[in-house]
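What follows is calculated from the coordinates using simple rules that are stated; it is not laboratory data. Since this is a predicted model, take the numbers as computed values, not measurements. With ideal geometry, Cβ positions are generated from the backbone for all residues, glycine too; neighbour counts draw on all protein chains shown.
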Amino acid sequence: TSIEKGEYPHYMLKEIYEQPHAVQDTLDGRISPQNDEVIFKELEKYREYLSGVNKVFIVACGTSWHAGLVAEYLLERYARLSVEVDYAAEFRYRYPVLDNKTLVLTISQSGETADTIAAIGEAQSLGAKVLSIVNVPSSTIARNSNMVIYTYAGREIGVASTKAFTTQLVVLSLLTVYLGLLRRNLPADQAAVMLQDLKRVPNEISKIFTEVDNIKRIARAFHKHSNALYLGRGVGFPIALEGALKLKEISYIHAEGYSAAEMKHGPIALIDENMPTVVLAFKGRRYEKILGNIMEVKARKGKLIAVASASNDDITRVADEVIRIPDATESISAILAVVPLQILAYYIAVEKGCSVDQPRNLAKSVTVE
Ligand code: G6P
């Protein structure tokens with residue numbers, strides 16, 4: 001990937017548009033032509049260890065931590081693994097219960113985040129093997145880990161992570177199928193369908209760019225608000241957290257991500273005509289529940305922006321604005337749904353005249369504790 005901005009006004013926008021390519025590069029050579037196998041030569045030496053683990057501890061910071069939260073749902077559901085997720089800075093100073101039957105999975109774009117590096121040492125000293133998902137080759141985290149799976153997002157320059165996140169989600173999806181098959185918890189036919197679906201992700205992301213004008217218009221309408229709420233359920237919940245993080249990072253608008261169901265235990269008190277809500281309302285097991293949750297926002301005169309699947313017609317009855325993503329399974333929808341949230345945050349920050357690629361007080365990689 002070139003490191004020039006070229007025709008793009010900001011690296012962040014360029015990197016958003018690079019996602020179909022980055023995801024393709026990350027998938028290449030990792031799914032067998034018959035869709036019956038995930039090819040991770042990187043894990044070969046550890047197949048026995050991976051067959052025997054009874055717990056996965058996922059450790060990361062920032063956006064990479066959000067990818068870990070998505071993986072928790074995937075690994076539980078499809079590989080039937082017990083998963084815990086924590087911030088690296090918390091993990092390193094608690095007294096984590098782990099041993100040589102635990103897989104510690106770290107996720108890092110830069111491979112240089114100080115807390116994540118320290119967490120790896122801590123995990124290894126307790127006897128666990130560490131598998132890291134890293135974007136920067138031969139970084140400290142890549143060197144210190146027992147196993148490494150690279151994302152091939154290419155160099156990411158914008159401080160707000162975009163293509164690193166979607167490629168992390170793709171590797172985590174592949175890893176779920178890999179572990180599900182290895183541990184015989186995922187039926188072969190279901191694995192094949194999941195792998196076919198993953199192969200379509202680059203193309204499905206490209207389709208989302210037809211929504212850019214719609215999203216720009218929404219950004220113009222909403223950029224003057226000083227607060228926003230992001231809601232989702234299931235895998236949509238960490239995507240809500242990531243959408244809120246993108247908005248805070250680059251537009252300095254205070255945004256909170258919440259489980260849509262948990263909203264009634266607090267944030268609903270904040271909702272009025274000045275507190276817009278972005279809701280992840282894509283197809284899945286909890287779609288009807290989400291509709292119920294957002295009716296409560298409407299009843300309090302809150303403005304609603306929904307990210308919805310193409311064929312979710314009923315969403316137009318409740319939402320003020322709808323951003324469409326292609327129809328897909330729930331797990332794939334999570335990967336697709338973050339893209340419009342990146343674009344929304346980007347155009348809101350541009351409307352506000354913010355320094356998109358270098359937001360105040362933030363660093364691309366936090367190499368001190
Ligand atoms: C910083 C960056 C974030 C990133 C986080 C974790 O806060 O600004 O974009 O998500 O570090 O970084 P890592 O390189 O470990 O993924």
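Can you tell me which of 113, 277, 140 moves the most in a GNM of the chain? Springs connect C-alpha atoms under 10 Å apart.
Taking springs between Cα atoms under 10 Å, the residue moving most is 140.
Provide 10, 21 in ascending order of the number of other Cβ atoms located within 10 Å of each residue's Cβ, fewest first.
21, 10
For segment 53-134, how big is the tail of P(r) above 19 Å, as a whole percent of Cα pairs?
Working: 900 of 3321 pairs.
The calculated P(r) of segment 53-134 puts 27 percent of pairs beyond 19 Å.
By per-residue mean of other Cβ atoms within 10 Å, what is the highest-first order of 208-215, 105-112? Don't skip to the end; give the middle numbers.
Numbers: 208-215: 16.8, 105-112: 26.9.
Answer by packing, highest mean first, reads 105-112, 208-215.
Using only the alpha carbons, work out the radius of gyration and Dmax of segment 1-63 in angstrom.
So, for segment 1-63, Rg and Dmax equal 17.5, 50 Å respectively.
Within segment 215-243, find all residues whose amide N lies under 14 Å from a label point positioned 7 Å from the Cα of residue 351 along Cα-to-beta-carbon.
Those under the cut-off are 215-229.
If we count other beta carbons within 10 Å of each Cβ, what is the order of 225, 265, fewest first?
265, 225
Please compute the volume of the convex hull spanned by the alpha-carbon atoms of segment 170-286 and report it per residue in Å³. Don't skip to the answer; put the middle values down first.
Numbers: hull volume 16.1 nm³, N = 117.
Looking at segment 170-286, the number lands at 137 Å³ per residue.
Can you tell me what percent of all Cα-Cα pairs in segment 187-237 are more than 14 Å apart?
Within segment 187-237, distances greater than 14 Å cover 74 percent of Cα pairs.
Mean 1/r over all different Cα pairs, inverted: what Kirkwood radius does segment 237-369 give, in Å?
Values: mean 1/r = 0.0642 Å⁻¹.
For segment 237-369, inverting the mean 1/r across all distinct Cα pairs yields 15.6 Å.
If the viscosity is 1.002 mPa s and the temperature 20 °C, what translational diffusion coefficient in µm²/s does Stokes-Einstein give for the chain when Rh comes from Kirkwood over Cα pairs?
On the way: Rh = 20.7 Å.
Diffusion coefficient, whole number: 104 µm²/s.
So what's the Cα pair-distance distribution over segment 57-190, bin width 10 Å, in %?
Reading the bins upward from 0: 13, 46, 33, 7, 0.
Enumerate the calculated ³J(HN,Hα) couplings along segment 327-334 in order (Karplus 6.51 cos²θ - 1.76 cosθ + 1.60, θ = phi - 60°), each rounded to whole Hz, writing x wherever the residue is Gly or Pro.
Each residue of segment 327-334 in turn: 4, 7, 5, 4, 5, 6, 4, 4 Hz.
If each residue of separation counts as 0.36 nm, what is the full-extension length gain between residue 185 and residue 76 once their alpha-carbon separation is subtracted? It would help to have the intermediate numbers written out before the result.
Numbers: separation 109, 0.36 × 109 = 39.24 nm, distance 1.03 nm.
Residue separation times 0.36 nm, minus the Cα-Cα distance, leaves 38.2 nm.
Return the calculated 222 nm mean residue ellipticity for the chain, to the nearest 500 deg cm²/dmol, obtained by summing -39500 (n - 2.57) across DSSP H runs with n ≥ 4 and dividing by the residue count.
Values: 15 runs with 167 residues, N = 369.
Theoretical 222 nm ellipticity from helices: -14000 deg cm²/dmol.
Pull up all non-local amide H partners of residue 275: gap of 5 or more, or a different chain, and H-to-H distance under 5 Å with H placed in the peptide plane.
Answer set, sorted by chain and number: 303.
In whole angstrom, note down how far apart the Cα centers of segment 206-253 and segment 20-80 are.
Cα centroid to Cα centroid, the span is 27 Å.
For each pair in 5/55; 298/364; 289/352; 55/289; 5/199, compute the distance between the two Cα atoms and list the pairs where it is over 32 Å. The partial results should precede the final answer.
Details: 5/55 42 Å; 298/364 38 Å; 289/352 34 Å; 55/289 30 Å; 5/199 28 Å.
From the list (5/55; 298/364; 289/352; 55/289; 5/199), the Cα-Cα distance tops 32 Å for 5/55; 298/364; 289/352.
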